[in-house]
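A short reminder: the numbers here are calculations on the coordinates, not readings from a lab. Only a predicted model underlies this, so the values are computations on that prediction, with no experimental measurement involved. Here the Cβ is made from the backbone with ideal geometry for all residues, glycine too, and neighbour counts use every protein chain on show.
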Amino acid sequence: MNKTTLSIVALLGIGLGCAQAWAQGAGTATTQLTPQAQRISDTAIHADHQAYLALQERIHQLNERGVPVRDYHLSKAQCWLDVSLQEYSRNDRSAFPQEALSESEKLIIALENKAQPLPLETPLVNGAVRLRPDLWARTDAIKKDSGFQCAWPQVACAEVELVHAGNEFNQQQWRHAKPYVQIAEDLLAQANVLVAQCPKAPAAPEVVAAVLPPVPVALSALVLFDFDQSGAGHIRSDSRAALDALVLQVKQQGIRVESLSLTGHADRLNSTGNKDYNQQLSQKRVEAVRDLLLAQGLTVSSIAVEAKGDTEQVEACQAKFTTPVQLQDCLLPNRRVQVELKGTKAAMTP
């Protein structure tokens with residue numbers, strides 16, 4: 001299977017207590033990956049990749065039949081499938097790849113059968129720890145907001161990434177969990193912006209509020225790059241969306257940006273023989289993010305940039321990989337620029 005085919009399903013909750021109508025409509029997930037101990041042959045791995053492709057095609061067919069790509073449940077089915085394939089490709093020997101795949105398939109079956117009602121819960125598969133209760137509380141609050149329909153994909157995938165992070169925490173602790181917590185944070189930041197923009201029913205006339213002292217604001221984003229790339233065109237799509245959401249939030253809330261800090265990093269791979277190559281690569285990534293933010297109209301009083309090369313790796317990726325692409329995918333969290341923004345905005349009384 002070539003790289004292009006695999007990229008179809010590459011890195012981009014249904015509990016037993018759901019309503020009977022959901023259980024009847026959903027059916028039972030039947031797709032089974034090769035047991036972990038038997039994933040030692042090209043034949044077994046090829047069969048598993050075919051299973052992933054088959055589920056991806058069913059998602060495609062649901063969209064062809066009119067289920068919007070942005071639908072909450074279709075988005076969640078895709079995100080479950082993506083994290084399952086990601087951990088399978090990283091040779092995760094736990095039950096997580098299978099359980100995440102099964103959650104995807106159960107949602108696919110329910111959508112194919114037009115089951116009602118569909119659940120909004122997200123199960124902690126493979127005993128994943130419930131990290132960041134504040135982020136889970138934000139997903140619950142958004143679901144209760146009338147603007148939830150404008151942020152279905154972001155909320156669905158944020159919940160799946162929080163489960164992903166909880167599974168990584170159980171296996172390898174916080175250092176391996178935090179990239180996925182960051183993804184969830186960024187997605188929920190986007191969701192908040194979209195919910196705020198979502199058309200709502202006319203509200204009662206507002207009472208003129210007294211002006212309060214400015215409120216401090218701190219925003220952040222994690223920008224990931226394609227392997228061995230530093231241009232703005234090679235920023236990963238989720239990261240580009242997070243940057244766009246950050247700029248939009250600054251403009252909509254009238255935030256006065258006082259300082260912007262950008263720290264660039266590279267993964268440990270370096271085949272050039274130039275010991276400074278990764279240092280230069282991380283510097284170019286910082287400059288690309290800085291120029292992109294300024295081009296989007298971000299006004300900043302002070303900008304601090306720093307390039308750290310490959311000195312601070314968040315993913316070691318010491319496992320044996322069958323292809324260079326799998327190692328590059330594993331090292332993705334290291335190819336990053338950390339964005340930290342501080343400023344103030346006007347505060348009004350309710």
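Output wanted: per-residue J couplings in Hz (rounded whole) for the range 99-113, from phi through Karplus 6.51 cos²θ - 1.76 cosθ + 1.60, θ = phi - 60°, x for Gly and Pro.
5, 5, 4, 5, 5, 4, 5, 4, 5, 4, 4, 4, 5, 5, 8
Counting Lys and Arg as +1 and Asp and Glu as -1, what is the net charge of the other residues whose Cβ lies under 12 Å from the Cβ of Phe321?
Net of charged neighbours comes to +1.
Taking the Cα centre of the chain as origin, sum charge times position over the Cβ atoms of Lys and Arg (+1) and Asp and Glu (-1), and report the length of that vector in debye to the nearest 20.
Taking the Cα centre of the chain as origin, the dipole is about 380 debye.
In Å and on Cα atoms, what radius of gyration and Dmax does the range 68-190 show?
Looking at the range 68-190, its Cα Rg and Dmax stand at 13.8, 41 Å.
How charged is the neighbourhood of Ala77? Take every other residue with its Cβ under 13 Å from the Cβ of Ala77, and add Lys/Arg as +1 and Asp/Glu as -1.
That sum, taken over residues with Cβ under 13 Å, equals -3.
Rounded to the nearest angstrom and ordered from largest down, what semi-axes does the equivalent ellipsoid of the range 253-350 get from its C-alpha gyration tensor (root of 5λ)?
The equivalent ellipsoid of the range 253-350 has semi-axes of 34, 16, 10 Å.
Å³ per residue of the Cα convex hull, for the range 27-133?
In the range 27-133, the Cα hull volume divided by residue count equals 110 Å³.
Could you work out how much longer the chain between Asn113 and Asp145 gets when fully extended? Use 0.36 nm per residue separation minus the Cα distance between them, nm to one decimal.
Length gained between Asn113 and Asp145: 8.7 nm.
Multiply the residue gap between Ile303 and Gln318 by 0.36 nm, knock off their C-alpha separation, and tell me the result in nm, one decimal place.
The Ile303-Gln318 span can extend by a further 1.8 nm.
Out of the range 294-340, which trypsin sites (Lys or Arg not before Pro) are coil in DSSP terms and have no more than 14 other C-beta atoms within 10 Å?
Lys320
Any chance you could list P(r) for the chain, counting all Cα-Cα pairs in 20 angstrom bins from zero, rounded to whole %?
27, 56, 16, 0
Whole-Å semi-axes of the range 112-151's equivalent ellipsoid, largest first, each the root of 5 times a Cα gyration tensor eigenvalue?
Listed largest to smallest, the semi-axes of the range 112-151 are 21, 19, 6 Å.
Using θ = phi - 60° and the Karplus form 6.51 cos²θ - 1.76 cosθ + 1.60, what ³J(HN,Hα) does each residue of the range 161-173 get, whole Hz, x for Gly and Pro?
Karplus values, whole Hz, x for Gly and Pro: 5, 5, 5, 4, 5, x, 5, 5, 4, 4, 7, 9, 6.
By what distance, in whole Å, do the Cα atoms of the range 132-244 stretch along each of the three principal axes, largest value first?
52, 34, 31
Among all the lysines, which ones have a C-alpha under 29 Å from Lys308's C-alpha, if same-chain residues fewer than 8 places away are not counted?
Leaving aside lysines fewer than 8 places away in the same chain, those within reach of Lys308 are Lys178, Lys275, Lys284, Lys320, Lys342.
In whole Å, how far is the Cα centre of the range 153-175 from that of the range 52-67?
24
Work out, step by step, the length gained on full extension between Thr31 and His60: first 0.36 nm times the residue separation, then minus their alpha carbon distance; give nm to one decimal.
Full-extension gain reported as 8.7 nm.
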